[in-house]
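Enquirer: The structure is given below, and queries will be raised subsequently.
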Amino acid sequence: CANTAKCIPYDKVCDLVNDCGDASDEEGCTNHFKCKTANYFIPKSQKCDGTFHCLDLSDECNDQCTKEVLEGYWLKFLSWSFGIMAMFFNTFVIRRRILSMAKCKNNKSLTNTSFVLLICIGDFLVGAYILGVAVVDGYYSSSYCTQQREWLVTNKCVVLGVISTTGTHLSIFSMTILSIIRVSSVLKPLNDSKPLSKYNSLFLIFKISLVIIGSMALALTPVIDVYEDFFVNGMHYDPKIKLFIGFPDKNKHMDIIEAYHGRMRKKNLSWKVLNDMVDSMFSQQYRPFDEYRKKLHFYGNDGVCMFKFFVKMSDPQNY
């Protein structure tokens, strides 16, 4: 070893372990990456693989690979532009549609106006979401990579995800119902001129309520605690809890708990059970209670906090 009289077997050189204490046995090796703020080494294949392995996150946040909420100046520009325009123009159309509803004389015109209004409200919400993402990107800028753990577990990210999902489904459901109504009007053209009636008005309110409730239910279900075993992707621990790096999922938790206890039955345990088992590994002073542990919720799968339409095999939604 360079700074001591200590000698080590040759097979411990370049084995990713600081056997000398001064890391001289790992210097000059080509098979590893050294974390920036500690004499900790990981296989070179784990650098820039999308998973944090270094406590200081330097394996994913470095000159070769870093991350921003929005990548590229064009995407940033388009997000600001489309977000502002969507909110401005849809506000104008929403106002016009609300005023025109009082002039509707038959069931068809009121129905069309109502669902076009819902589409505009949905597009407005999507515009607000896009603008919100652009603001977050501007706030974090190039520092996002090292701060993404704090952003992805916040309620602000959840709110953005709920706004996006609600707006998207409002537009989709409303366009679907409008398409069905138009097909029906082609098949039964005489029904188009039906005058307004109490029954028709109540049925229209019922359809609008279904669209709104359905959209909000789809958006809010992933963040309800009772469904956390299906939607929570992992946990984020305070950096001083050094056993857990990044966003460990259930499998990572079980591996660590098994290493601590020596054995563990491999089955799909609930997050509540896993959290209780993790707490039992620490003394009262260092237990990672809620102030040290935050959920990586369904919308926290990426910096843009969007609904996860496509899941990976390792995601809990596949279990």
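The values are calculated or read from the model by the stated rules, or taken from the named source; none is laboratory data. Owing to the predicted nature of the structure, the values given are computational and were not obtained by experimental measurement. In this analysis, Cβ positions are derived from the backbone assuming ideal geometry, glycine residues included, and neighbour counts consider all displayed protein chains. We work out accessible area using only protein heavy atoms, side chains counted, and drop any ligands, DNA or RNA first. Shrake-Rupley method; radii C 1.70, N 1.55, O 1.52, S 1.80 Å.
Enquirer: Looking at Phe115, Phe89 in this structure, which one is of a type outside the set (Lys, Arg), part of a helix (DSSP H, G or I) and open to solvent by 80 Å² or more (accessible area, probe 1.4 Å)?
Expert: None of the others qualify; the one that does is Phe89.
Enquirer: Let me ask something else. Out of Ser209, Ser197, Ser280, Ser201, report the one residue that is at pLDDT 90 or above, small (Gly, Ala, Ser) and at negative phi.
Expert: Ser209
Enquirer: Something else now. Among the residues of region 73-118, count how many are farther than 30 Å from Glu150 by Cα and without any contact (Cβ under 8 Å) to a residue 40 or more places away in the chain.
Expert: Going through region 73-118 one residue at a time, the tally reaches 19.
Enquirer: Which condition number does Leu70 fail, the rest of (1) assigned to a loop (DSSP other than H, G, I, E, B); (2) touching a residue at least 12 places away in the same chain (Cβ under 8 Å); (3) over 27 Å from Leu218 (Cβ atoms) being met?
Expert: It fails just one condition, (3).
Enquirer: On the basis of being part of a helix (DSSP H, G or I) and either of a type in the set (Lys, Arg) or over 22 Å from Val136 (Cβ atoms) (or both), does Phe82 make the cut?
Expert: no
Enquirer: Look at region 290-319 and say how many of its residues are exposed (fewer than 12 other Cβ atoms within 10 Å of the Cβ) and either modelled with pLDDT of 70 or more or of a type in the set (A, V, I, L, M, F, W, C) (or both).
Expert: 5
Enquirer: Right, next: Out of region 164-180, which residues are surrounded by fewer than 20 Cβ atoms within 10 Å (Cβ to Cβ) and within 16 Å of Lys308 (Cβ to Cβ)?
Expert: Listed by number, the list is empty, since nothing qualifies.
Enquirer: Filter region 1-25 down to residues that are in a loop (DSSP other than H, G, I, E, B) and of a type in the set (Ser, Thr, Tyr) and give me whichever is surrounded by the fewest Cβ atoms within 10 Å (Cβ to Cβ).
Expert: Residue satisfying both the conditions and the ranking: Thr4.
Enquirer: So how many residues does region 26-58 have that are under 19 Å from Asp249 (Cβ atoms) and either part of a loop (DSSP other than H, G, I, E, B) or open to solvent by 40 Å² or more (accessible area, probe 1.4 Å) (or both)?
Expert: Matching residues across region 26-58 total 9.
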